[in-house]
Amino acid sequence: GIGLSSTVNIEPFEDWKEISTSLKTDGDKWTRIAPNYDVLFDSPLLIGNHQIHEFTAQGIPHYIAIEGIGNYDPEKMKKDFAKIVDVETEIFGDNPCDDYTFIILSTENSYGGLEHLNSSSMIYPRWSFEPYTSYVRFLSLITHEYFHLWNIKRIRPATLGPFDYETENYTNLLWVAEGFTSYYDEYLLRRAGFIDSKAYFKLIESVFNYCENTPGRKVQSLADASFDAWIKYYRKNENSDNCCVSYYQKGAGVAVLLDLAIRNETNGKTSLDDVMKYMYEKFYKEEGRGFTDEEMQETILEVVGIPCTEFFTNYIHGTDDLNYNKYLGFAGLKLVDKNENNKSTYLGVNTEANDKGQLVITKVDSEGAAYAAGLNANDEIIAVNGFRVNAKNFGKFIKMNKPGEEVEFMVSRAGLVRKFTAQLTNNPKSSFNIAKVEDPTAKQKKIYKDWLNEDF
C-alpha cells in the first residue's frame, strides 16, 4: 500500500563506490529505507563513482553530488550554495531538512531540474559553469529547485499530494508553485549578492518581454495555463504561442507586480516573503495540508490587509495585459519600449529549410501579417512577388518592402500551389528596458531600497 514503508537494496555495478540520495540508511550505505510510497518515488538515487562535496548551512549538512566532466569549481559552488540556503531559509524562518542532496549531472547540452522532498536533480551543460554570466544561470537553477523545498514540496496546492498515482493531478495553482519560484530564483540572486540591480533588471525585462510579446496572453489565463499543463504546456506545437502562456514566465511576471503592490500597500512593512512564510506556517506546519485557489487569495488579505480582487480577476483568472508601469512605479521605476517607434517590416513567421532543401513555415504569429493573410505552418514558400526564394535570401526579399506594402506569396500546401497576399506591418513586438522615474517620492525611494537593498 501507499502508506507502507519499504527497503531498497542496491547491488552496485562492479567497482562503483558512491551513492547519493535523500533516502535514509539503516547503517549499510547500500540499503535505504523509505517510510512510504511517496517518499520512495520522490527520492532519486545517483550511483557510481561521482564526486561528493559536503558543506553545512543553517546547521544542516548539504551534499553536492556531481557526475560528469565540466568546468565547475566545487569549492566555489559550496560557498555559493550556502548563500542560497541562507537567503531562502531567512524567508521562511526555518529549514525543514535534516540533510539535503543536490544531484548534478554535467551533460553536453541539456538543462533542467526537478525538486524532491529533501533533494533536487539538475542537468547542466558541462562547459557552461563559466563565464560568470553562465554560472549565474546555473545558480538560478539551484535557487529555483531549492526554493521548491518550501514552495511545492511543503506549501502545495491541495490536489498535489497525497498523489493519486492512477490519474493526472490537476491544479489551477502552478502559477504559484512554479511562477512564484521563478520570480524568486532570479530575485534572490540579487538579494544574495550574485548580481547587481542592473543585471537583475535585465532578467525582469526578459520576463516582461515574454509576457507582452506572446499572443497566447490574450487567450489563456494563468489559472487555465496551470490546469492545462498536462495537455498543453508539455505537448507544444506550432500554435502554442498563439493560444497559451507559460505559468513559469507569466507567473514570475505577476509575482514581480504582486510583490511591489504589497510593498506599496504596506509602506514597505510587508512583502511577498510574508505571504510565503504565512502559507508555510499555516498550511504545512499547523494544518499539514495543501491550500485551495480561494485560500491563496484569502492569504493575501490576511497577511497584507488588501483583497487583491481586481488583481486576481484581471491577471490570474483573466487575460488583461499586465499594467507594468503602475506596479513598477511603486518603486520609482518605469518601462521604456525601445520598439515603440520601430519602423522595421514584420511578417510574423518562422521558417526553416527541411531535409529536401524546401523553405517551410514552422510557426505563424497570430499578431502578424502572415496570419492575417492566411499563411499556415507547414506551407512551403516557393516565391515572393514572383521571385524564387530559399532559406538564405527569404529575409532579404521581405525587408525590401516597407510596412503597409503588399507582398504576394506562392506556396505549396499539401501539394497544392496557392497564392496569398500579405500586407506587411511595423514590428509590433515590445523590447522593454527598465528605467528610473525622475523626481521619485520618498515612498518610492523606500520601496526601491527595501526591495533591492540599495539606495535609489
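The values are calculated or read from the model by the stated rules, or taken from the named source; none is laboratory data. Not measured: the values here are computed from a predicted model. Cβ atoms come from the backbone with ideal geometry, glycine included; neighbour counts cover every protein chain shown. Areas reflect the complete protein model, heavy atoms only, side chains present, ligands, DNA and RNA absent. Shrake-Rupley method; radii C 1.70, N 1.55, O 1.52, S 1.80 Å.
Which value in deg cm²/dmol, rounded to the nearest 500, describes the helix-derived mean residue ellipticity at 222 nm for the chain, given -39,500 (n - 2.57) per DSSP H run of n ≥ 4 and division by the residue count? Could the numbers behind the result be given before it?
On the way: 14 runs with 142 residues, N = 456.
Calculated at 222 nm, the ellipticity per residue is -9000 deg cm²/dmol.
Classify the stretch 79-120 as rounded, prolate or oblate from the Cα gyration tensor: take a ≥ b ≥ c as the square roots of its eigenvalues, call it rounded if a/c is under 1.5, otherwise prolate when a/b beats b/c and oblate if not. Judged from the Cα gyration tensor, the stretch 79-120 comes out prolate (a/c at least 1.5, a/b above b/c). With a Förster radius of 30 Å, plug the Cβ-Cβ distance of residue 400 and residue 243 into 1/(1 + (r/R0)^6) and report the FRET value to the nearest 0.05. After rounding, the FRET efficiency stands at 0.40. In whole angstrom, how far apart do the alpha carbon centroids of the stretch 1-56 and the stretch 95-109 sit? Cα centres, the stretch 1-56 to the stretch 95-109: 14 Å.
Relative to one another, the C-alpha centroids of the stretch 261-305 and the stretch 177-228 are positioned 20 Å apart. Pairs from the table (198/449; 202/436; 198/445; 343/402; 338/445) lying more than 18 angstrom apart at Cα are 338/445. Short-range pairs are left out: with C-alpha atoms under 8 Å and at least six residues apart, the relative contact order of the stretch 303-456 is 27 percent.
Placing a label point 7 Å from the Cα of residue 449 along the Cα-to-Cβ direction, the residues of the stretch 190-207 with a backbone N closer than 17 Å are 197. Using only the Cα atoms of the stretch 1-69, build the gyration tensor, take square roots of its eigenvalues as a ≥ b ≥ c, and label the shape rounded, prolate or oblate: rounded if a/c is under 1.5, else prolate if a/b is larger than b/c, else oblate. Taking the square roots of the gyration eigenvalues as a ≥ b ≥ c, the stretch 1-69 is oblate.
Relative to the Cα centre, what is the charge dipole magnitude of the stretch 297-381, using +1 at the beta carbon of each Lys and Arg, -1 at the beta carbon of each Asp and Glu, and rounding to the nearest 20 debye?
Values: 6 positive and 13 negative charges, 69 e Å.
Roughly 340 debye for the stretch 297-381.
Label-to-label distance for residue 30 and residue 326 is 6.3 nm, based on points extended 7 Å past Cα in the beta-carbon direction.
Here the accessible area of the chain is 48 percent carbon and sulfur, with a 1.4 angstrom probe and all protein chains present.
Each principal axis of the Cα cloud of the chain was taken in turn, and the coordinate range along them, longest first, works out to 77, 63, 43 Å.
Starting from the stretch 136-183, pick out the GluC sites (Glu not before Pro) whose DSSP state is loop and whose Cβ has at most 14 other Cβ atoms within 10 Å. If you can, show how the numbers build up before the last one.
Numbers: sites: 145, 166, 168, 178; in loops: 166, 168.
Taking the stretch 136-183 and a limit of 14 other Cβ atoms within 10 Å, the loop GluC sites (Glu not before Pro) found are 166, 168.
Per residue, the convex hull spanned by the alpha carbons of the stretch 135-187 comes to 78 Å³.
Which loop trypsin sites (Lys or Arg not before Pro) in the stretch 197-304, with loop taken from DSSP, have no more than 14 other Cβ atoms within 10 angstrom of their Cβ?
Working: sites: 198, 202, 217, 218, 232, 235, 236, 250, 263, 269, 277, 282, 285, 289; in loops: 232, 235, 236, 269, 289.
Passing sites in the stretch 197-304 are 235, 236, 269, 289.
Using only the Cα atoms of the stretch 19-127, build the gyration tensor, take square roots of its eigenvalues as a ≥ b ≥ c, and label the shape rounded, prolate or oblate: rounded if a/c is under 1.5, else prolate if a/b is larger than b/c, else oblate. Provide the component values of the computation, followed by the final result.
Working: a/c = 1.60, a/b = 1.10, b/c = 1.46.
Note, shape of the stretch 19-127 comes out oblate.
The magnitude of the dipole of the chain, with charges of +1 and -1 set on the Cβ of Lys/Arg and Asp/Glu and taken from the Cα centre, is near 1820 debye.
When DSSP beta bridges are restricted to pairs lying wholly in the chain, around 75% turn out antiparallel.
With every protein chain present, what is the per residue accessible area of the chain (1.4 Å probe, Å²)?
Details: 21630 Å² over 456 residues.
Accessible area per residue: 47 Å².
Here the simple spin-label model places points 7 Å from the Cα toward Cβ, and for residue 73 and residue 99 these points are separated by 2.8 nm. At the residue level, residue 28 shows approximately 70 square angstrom of accessible surface with a 1.4 angstrom probe and all protein chains present.
For the stretch 136-234, which chymotrypsin sites (Phe, Trp or Tyr not before Pro) pass both filters: DSSP loop (anything but H, G, I, E, B) and at most 14 other C-beta atoms within 10 Å? Walk me through the intermediate numbers first.
Working: sites: 138, 146, 147, 150, 163, 165, 170, 175, 180, 183, 184, 187, 194, 200, 201, 208, 210, 227, 230, 233, 234; in loops: 150, 163, 165, 170, 194, 233, 234.
Within the stretch 136-234, the qualifying chymotrypsin sites (Phe, Trp or Tyr not before Pro) (loop, at most 14 other Cβ atoms within 10 Å) are 163, 165, 234.
Projecting the Cα atoms of 381, 13, 61 onto the charge dipole of the chain (Cβ charges, centred on the Cα centre) puts 381 farthest toward the positive pole.
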